[in-house]
Amino acid sequence: MPHLSQIAERHLQEWRESGVNDEIIALNVTSLSGQEAIGRLFVSSKLERRNDGRVASYLLRHYEHVEAGGWACTGEDIVLGGEDDWCCFKPDRPRENVKYEHPPKTPTKAFFLRIGQKTLDRIVEKQGLDYSGSPEDFWRYVLESPTEVVITEGAKKAGALLSAGYTAIAVSGCWNGLVKDEVATRKLGSPVRRLKPDLKILTRVSRKIVIAFDKDSRLASIKSVRHATSCFSKALKDRKCEVAIADWKPTLGKGCDDFITSHGVTAFDEVMEKAVTFSVWTSQYLKTLKQKPDVELDCEYLDRDLLRGVSIGRRLIGLKSPKGTGKTESFIRAAADAILRGERVLVATHRIQLTEALCTRLTEGLQKIAKEWLESGIISLFQVTDFVVKYVTKVPSVKDRNVIKGMGLCLDSLHPKSQATFYAEEWKDAFVIFDESEQSFHHMLNSMTCKSSRVPILRSFKELVENASCVVLADADLSSLSLDYVSAFMREEPFIIRNNWLLEPWTIHNIEEESAWAYLLEQHIKDGGRPFVCLSGQKARSLWGTKNLEHHLKQKFPNLKILRIDSKTVGNPLHPAYGCIPKLNEMLGEYDIVLASPSIETGVSIEVDHFTSVWGFFVGVQGYSSVCQAISRVRKKVPRFLHVAVRGIGGICGGVTSVKELLATQERITRKNIKLLTDAGLRELQDVDEDEIFNFQPISLLTWANMIVRHNAGMIGYRDQVLGLLEEEGHVVVPFGDDIDGSMTKQELKESRDIVYEAERTAIATVTPFQNEKEYKLVESKHSKTEEEEFQVVNWETNKRWGSVTPEILEKQDRGFYEKYRRLYYATNGKRFAVETDKYAIAAQLEQNDGDLFLPDANRNNRTLTAIALEYTGILDIIKSTTDWHSDSPEVIEIYEKVRPLAARKQFASIGLFSFSEKDSKIQVVKKLLAKIGIDLKATGKRLSSRKSTRHYLYRIKEWEHEVSPVLGYWEAQDIQKETRRKQREAERAEAAAVAAIEHREEISQKSFVTSQLSDLGKEVLNWFKLICPEQMEEAVETITSQDYWEAIADEVWVNASVGIRQALNRFSPNPCLS
């Protein structure tokens, strides 16, 4: 082994201080100076040289500082073997802003540092490797085995990790392991990066690779490292490697060597154990608050005067504070000051119940302050009534809404045609509060309830925040994503207040088996426990929804009082939960068991000391941060018992986790759709600049994309993300109930669900239906509905969709078959209506939005592209077949080969058609594709043996036409009627336009024009018309009326034209009324 004497003491000490052992230092590091240092860098044959072979003088001058000395580090040449020519040199007297030097004109390489026996023994022991060879052959062994490898940046960091027992390599910078793929970049139109050759060799064997790049505190560096990490991860995943990312706070050390030397190897081992997948890391990054806070606090309850001074002179305030620390209370005094200054106060969230409760709490606080100020003489008696914040439906008239000082609304109502008749200009200089801003903005940008009015909502939002006196964003999970969104519109840097208070830790029992959770909940109730139960759903069909669990527990515990709180019960005037959100603390103590849906997951604080436990069952439909919010509604420190699904359900836009890919897909779909609809005759698009369509609020589109990616990434590793977030908040997570058999309880729940679900479907099918659409709209628009009214609404809507209402149809609808059969319809019977339906849907959006489109909404439910995609696959050619299929059937192979390429899979997923894993067999892929149009592929139970002794299971398409054909026929008849009515309306409009044009011309004729007034040009045009034969008249009219001079002579030509020419002008002119 080389001796340490070759290394200067200062260099040796520097490496030791980075946690690198002497063995690695001696094998890889050398102190150099003078020409020896220059020679170590000038190894490339591509360097410019003089005729005598010496390196060009300008290069010598550029690198003369290295002659003063420094250390050089090199590793093993992983391709050729032996010592690598590539090195890293750290000069004792570096150039300005250049800490390390590398050989010029030489491609960068990774550092595979040589190791000795002691280091090898530690690595083998720590990682449990089956290796007994020499240290010299270690990297050869790594290349040929699936050994886990850590990649970091910088040779010293690789040395520190190797010394700590990790198989680690280093790149010279976070971007230096990648090379741009010029061919793929040109093809896709955006940069594509691949691994450099030495790293590509590392991926010949599929392995887990952990990325452990530096953690910088500077925002620009954070963005650069994050982008590099993202590109690195994708390049590794393309090579079939499993990628994980080690993360830690920058305050614990910038690099892994800093972390190890400051906190020890054991602490870093914990970091490595918590390394997360790329998707989880993406989600976690997008939920972070990256900006440095202006004010940092560590208090259990926020000062009520916190925002008072800040809100004067600061237009954008971000408040991040844990749940239950009094964020709402901190708004009150700042809002009171705003009203006193003559400003209006607007409160907006994403849920009705949350907004109503917030308005109630603000009003109570404002009234207390108003009374204090009245007694102090600050305000008059007449001003006391100004200090209220009323929910929009409690403001009696539009006139009152225009003068009231404080109002609350849901973001769905943030536009002129809503029940709020909201005009942003009337709220200029307002004090605006967005509570639960993360979920509120996600709702505004993506929810279906906002779809029909999204563009006017976004316009109002932009104008509102641009002209507000102050905007406050408050959320326990406030991220830079929301702050950057509003900041971009306001052109204002945010003032950030962050409260780092950690709640008193709870014990959270993680119950992995769902049946064990149900059994343990029952046992807890039997033992006298009073649980507050949080659930993901409320539908009767849901096994774990509020409705079924209520029925089951009532059967089990008939003497206990159970309160079900979900969106239906809080809006049902006949239910005990009606309007309960503002008064939960007063009423919950009356109940033994409370079952709550996500309707109270945010913005509600349950302080009553009544519950003995909190239980949560989360199937993966909510965002993982919403889960943490839900189980935090009960503030008291009581045990929590959770079951969380391993993976979330239903990614948005095909579950894509790349912002760039998502935006590119949206643009590609829109351009394709515009071309199809323009070719189909959509006039509204013919004169629209495509680039203008793509430029509607690009910051809103970018924020939407980031939020979708954050959501999708959060669905991957859902359980780990939920439990990880709870641990971040300081809670203790322990496994629980692993040895419990709850299968009997789950079976009872299934039987209960069947009873509840059948009863509800029967009730909906037999309820007294509405007699006409007017009755339906009257009830449907009501904020509060009884259960019977809810059933009547569902009955009417189901009948409109299917043509009849039966329990069987309702079950089909609940299982998603309406959407599946619609795909089948537009690809078969209704193919000719697909383009027309899309055309009129886009035309309606353009008309309502004054020519603007929000791309994600324009691309939803794209019937035409879906029909084209289905036709392309060839799946429609086999749906009526009675043949038995197997994996090697030519038809199955043909379909599989069409959808197998990655680009095709992404396009199918982007339009919501289907997605599949590379592990899926050919027959599984066909089965998934058929399922998207409501058709099943069933195994026949037979097997086919070939001459090669290969056995194939046989499958056959399950008969579907008897059940589905009547539905498709009903929809076709409906569309034919619509088409007939539409053509009739168009004919009536054309006839009315023709009559109006004739009347207009006659009026002009009577007033001013006679034959003698014809100009020379008018005479020429009129004579030309007289020479045109009828077959050429359409082309002649289009030619003449498109000329610049036509407007000047149109009237005189009309007055002097024959009846035949006038009719031709009316019929063929683009605008007959003005022709």
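Would you mind checking Lys200/Lys922; Lys290/Lys327; Lys323/Lys554; Lys249/Lys274 for any pair whose Cα atoms are more than 25 angstrom apart?
Working: Lys200/Lys922 30 Å; Lys290/Lys327 21 Å; Lys323/Lys554 32 Å; Lys249/Lys274 13 Å.
Flagged as over cut-off: Lys200/Lys922; Lys323/Lys554.
Need the full-extension length gain, Arg900 to Asn861, defined as separation in residues times 0.36 nm minus the C-alpha distance. One decimal, nm. Mind dumping the intermediate values first?
Values: separation 39, 0.36 × 39 = 14.04 nm, distance 2.33 nm.
Contour length minus the Cα-Cα distance gives 11.7 nm.
Amide H neighbours of Asp247 under 5 Å, at least 5 residues apart or on other chains, H built in the peptide plane: list them.
Val276
So I have (1) 10, 33, 28, 17, 9, 3, 0; (2) 10, 29, 26, 18, 13, 4, 0; (3) 10, 32, 35, 18, 5, 0, and one of them is P(r) over Cα pairs in 20 Å bins from 0, in percent calculated from this model. Which one is it?
It is the value labelled (3).
Just to check I understand the Karplus step: with θ = phi - 60° and J = 6.51 cos²θ - 1.76 cosθ + 1.60, what whole-Hz values come out for the stretch 810-826, glycine and proline as x?
Running phi through 6.51 cos²θ - 1.76 cosθ + 1.60 with θ = phi - 60° gives 4, 5, 4, 5, 5, 8, x, 6, 4, 5, 5, 5, 5, 4, 4, 4, 6 Hz.
Taking R0 as 25 Å, what's the FRET efficiency between Leu47 and Lys200 from their Cβ-Cβ distance, rounded to 0.05?
Once rounded, the FRET efficiency stands at 0.40.
Long-range amide H contacts for Gly70: which residues qualify at under 5 Å (H placed 1.01 Å from N, peptide plane, sequence gap of 5 or more or a different chain)?
Leu32, Asp92
Looking only at the stretch 358-382, which residues have a backbone nitrogen under 15 Å from a spot 7 Å from the Cα of Val403 in the C-beta direction?
Residues passing the 15 Å test: 382.
5 Å is the cut-off here: which amide hydrogens, built 1.01 Å from N in the peptide plane, fall below it relative to Val345, excluding neighbours closer than 5 in sequence?
The list, which skips near neighbours in sequence, is Gly406, Met407, Phe431.
Assuming a ≥ b ≥ c are the square roots of the Cα gyration tensor eigenvalues, decide whether the stretch 458-530 counts as rounded (a/c under 1.5), prolate (otherwise, with a/b larger than b/c) or oblate.
Cα axes put the stretch 458-530 in the prolate bin.
Apply the Karplus curve 6.51 cos²θ - 1.76 cosθ + 1.60, θ = phi - 60°, to the phi angles in the stretch 834-839 and return the couplings in whole Hz, x for Gly and Pro.
4, 5, 4, 5, 5, 4
Determine the dipole magnitude for the stretch 824-960: charges of +1 sit on the beta-carbon of Lys and Arg, -1 on that of Asp and Glu, nothing else is charged, the reference point is the Cα centre, and the result goes in debye to the nearest 20.
1000
What is the calculated FRET efficiency for Arg647 to Tyr423, with r their C-beta to C-beta distance and R₀ = 60 Å, to the nearest 0.05?
Using R0 = 60 Å, I get an efficiency of 0.85.
So which aspartates and glutamates can Lys800 reach, going by Cα to Cα under 13 Å and dropping same-chain residues fewer than 8 places off?
Glu773, Asp975
Using the Cα centre of the chain as the reference point, and only Cβ charges (+1 on K/R, -1 on D/E), how large is the resulting charge dipole? Debye, rounded to the nearest 20.
1420
Each label point is 7 Å from the Cα along the Cα-to-Cβ direction; what then is the distance between the points at Glu773 and Lys554, in nm?
Reported label-point gap for Glu773 and Lys554 is 3.7 nm.
Using the Karplus curve 6.51 cos²θ - 1.76 cosθ + 1.60 with θ = phi - 60°, work out ³J(HN,Hα) for each residue of the stretch 26-43 in order, rounded to whole Hz, and write x for Gly and Pro.
Values, residue by residue: 5, 7, 10, 10, 9, 8, 10, 7, x, 5, 5, 5, 4, x, 5, 8, 8, 10 Hz.
Which value in nm describes the separation of the simple spin-label points at Asn467 and Met744, placed 7 Å from the Cα toward the beta carbon?
6.8
Do the alpha carbons of any pairs in Lys223/Lys254; Lys539/Lys906; Lys539/Lys777; Lys462/Lys978; Lys462/Lys583; Lys932/Lys983 sit beyond 26 Å of each other, and which pairs?
Values: Lys223/Lys254 15 Å; Lys539/Lys906 32 Å; Lys539/Lys777 23 Å; Lys462/Lys978 38 Å; Lys462/Lys583 34 Å; Lys932/Lys983 33 Å.
Violating the 26 Å Cα-Cα cut-off are Lys539/Lys906; Lys462/Lys978; Lys462/Lys583; Lys932/Lys983.
For the chain, what is the percent of antiparallel DSSP beta bridges, rounded to the nearest 5?
Taking every DSSP beta bridge with both residues in the chain, the antiparallel ones total about 30 percent.
In nm, to one decimal, how far is the Asp936 label point from the Gln523 one, both placed 7 Å along Cα→Cβ?
Spacing of the two 7 Å Cα→Cβ label points: 3.7 nm.
Throughout, read-outs are computed from the coordinates displayed, never taken from laboratory work. Keep in mind it's a predicted model, so treat the numbers as computed, not measured. Neighbour counts are summed over all protein chains in view; Cβ atoms, including those assigned to glycine, are modelled from backbone coordinates with ideal geometry.
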